[in-house]
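One structure below.
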C-alpha cells in the first residue's frame with residue numbers, strides 16, 4: 001500500500017469511529033442509559049428562626065436544615081439565621097409570605113395576632129393531647145387541611161410543616177412559689193397565644209414577648225414572672241439568673257410543636273423529588289428532635305437543681321383546673337370565628353378517642369420509677 005493510500009485509509013477509519021461513537025451515544029440516549037448533563041447548580045435558601053442563636057431551639061432549626069441539605073446531596077442548601085437577623089421573631093410569617101425570607105423555623109402561636117385559630121396548634125390544653133398526639137391529629141385527623149384553609153383565609157403565601165413535639169411546658173418562673181389562684185392577681189407575666197386570655201382570667205397582667213426578650217425584661221423589672229418552654233432553653237436563655245423558683249406542669253401549652261414554613265412560590269418551583277425529600281426530612285427531624293430533647297432537657301433539669309440552685313414545685317391542682325375553665329371561656333368568646341370552631345371541634349373529636357386509648361393503654365411509669373429509684377428502691381450493687 002502506498003503512503004497516500006495509507007493516509008486515506010486512516011482518515012476513513014477515523015470518520016467511521018466518530019460516526020460509530022455518535023451513533024452509540026444516540027443509542028444510549030434512546031435506551032435510557034445515563035448521559036452527562038450540564039449541572040444546574042444548587043438551590044440556595046435563606047431562612048430565619050424565631051430563636052436566639054444560643055437557644056437549643058435554634059439548634060433544632062440548624063438540625064433540620066442539615067438533614068435537608070444532606071438528603072438532597074447539596075442540591076438544596078438552606079442557611080438558617082437567628083431571630084432578628086432579618087426581621088423580629090414575631091415578623092417571621094410576614095417575611096416568609098412576602099419572600100423577604102425563603103423559609104423559617106418557629107411556632108404557630110407566634111402568629112396568634114394574624115388569626116387566633118393559629119394558636120390551636122400549641123396554645124391551650126389540646127383536650128388532653130400531648131405534642132405528639134397533636135401532630136398525629138395534624139397528619140391523620142384533618143389538621144393539615146384545616147391549616148392550609150386557615151393560611152389561605154389570611155392570604156399567607158406559605159407552605160407549613162408542623163413538626164417536633166414539645167413536652168408539657170412549665171407554669172413558669174416566679175419570685176416565690178405560686179400556691180393559689182389569687183397569687184396571679186396583678187402579676188406582670190409573659191406568655192403568648194390563647195394563653196394570654198387564660199392568664200388574664202387568672203388575674204395576671206400579661207405581656208407577649210418572644211423568647212430572647214424575656215429574661216432581659218425580668219431583669220429590668222418589666223416582668224414579675226414568665227413562662228417559656230423547657231429546662232435547656234430556659235437555662236441557656238438565663239432564667240436561673242433572674243429567678244430561683246420554677247413551677248412545673250401547666251395546661252396553657254401542654255401540646256405545642258415547631259413549624260417549618262416555606263415561601264409558597266419558592267416551594268412550588270422545587271422539583272417533586274425535592275419536595276418529597278423535604279417532607280421525609282421533616283418527619284425524620286421531628287423524631288430526632290424529640291429524642292434529643294429527652295437527653296438534653298433531662299440533663300439540664302438536673303443541673304438547674306444542682307448547679308443553679310433552682311427550686312422546682314408542682315403547680316397546685318386548683319390552678320390547673322382554673323386554666324381549663326379559663327380556656328373554655330376564651331374559646332366561647334370566639335364563637336363567631338368559624339375556622340376557630342371548626343378546628344376546635346376537629347381536635348376534640350380526635351382527642352376523645354386518642355387520649356382515651358393513651359390513658360387506658362400506657363402503664364403508670366411513676367410506679368416503676370419509684371420502684372427502681374425511689375426511697376424504697378433496691379440497693380445498688382457495689
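Scanning the range 218-248 for residues that are under 30 Å from residue 351 (Cβ atoms) and out of contact with any helix residue (DSSP H, G or I) (no Cβ under 7 Å at 6 or more places or on another chain) gives 225, 227, 229, 234, 246, 247, 248.
If a residue has to be part of a loop (DSSP other than H, G, I, E, B), touching a residue at least 60 places away in the same chain (Cβ under 8 Å) and buried (at least 19 other Cβ atoms within 10 Å of the Cβ) to count, how many in the range 79-134 make the cut?
Looking only at the range 79-134, we keep the residues that are part of a loop (DSSP other than H, G, I, E, B), and these are 82-88, 99-102, 107, 112-115, 121-123, 125, 129-130.
Still in the running and touching a residue at least 60 places away in the same chain (Cβ under 8 Å): 83-84, 88, 99, 101-102, 107, 112, 115, 121-123, 125, 129-130.
Now drop any that are not buried (at least 19 other Cβ atoms within 10 Å of the Cβ), which leaves 83, 101-102, 107, 112, 121-123, 125, 129-130.
Residues flagged as part of a loop (DSSP other than H, G, I, E, B), touching a residue at least 60 places away in the same chain (Cβ under 8 Å) and buried (at least 19 other Cβ atoms within 10 Å of the Cβ) within the range 79-134 amount to 11.
Considering only residues that are in a helix (DSSP H, G or I) and touching a residue at least 60 places away in the same chain (Cβ under 8 Å), look in the range 139-151 and name the one that is nearest to residue 362 (Cα to Cα).
Here the answer is 143.
Here residue 287 does not qualify as under 30 Å from residue 73 (Cβ atoms), in contact (Cβ under 8 Å) with a residue 24 or more places away in the chain and either surrounded by 10 or more Cβ atoms within 10 Å (Cβ to Cβ) or over 23 Å from the mean Cα position of the chain (by Cα) (or both). Among the residues of the range 207-223, is any surrounded by fewer than 18 Cβ atoms within 10 Å (Cβ to Cβ) and touching a strand residue (DSSP E or B) at 6+ places or on another chain (Cβ under 6 Å)? Yes, because at least one residue in the range 207-223 is surrounded by fewer than 18 Cβ atoms within 10 Å (Cβ to Cβ) and touching a strand residue (DSSP E or B) at 6+ places or on another chain (Cβ under 6 Å).
The numbers here are math on the coordinates, done by the rules we state, and not lab data. In this text, all values refer to a predicted model and were calculated from it rather than measured experimentally. Virtual Cβ from ideal backbone geometry, glycine too; neighbours counted across all protein chains shown.
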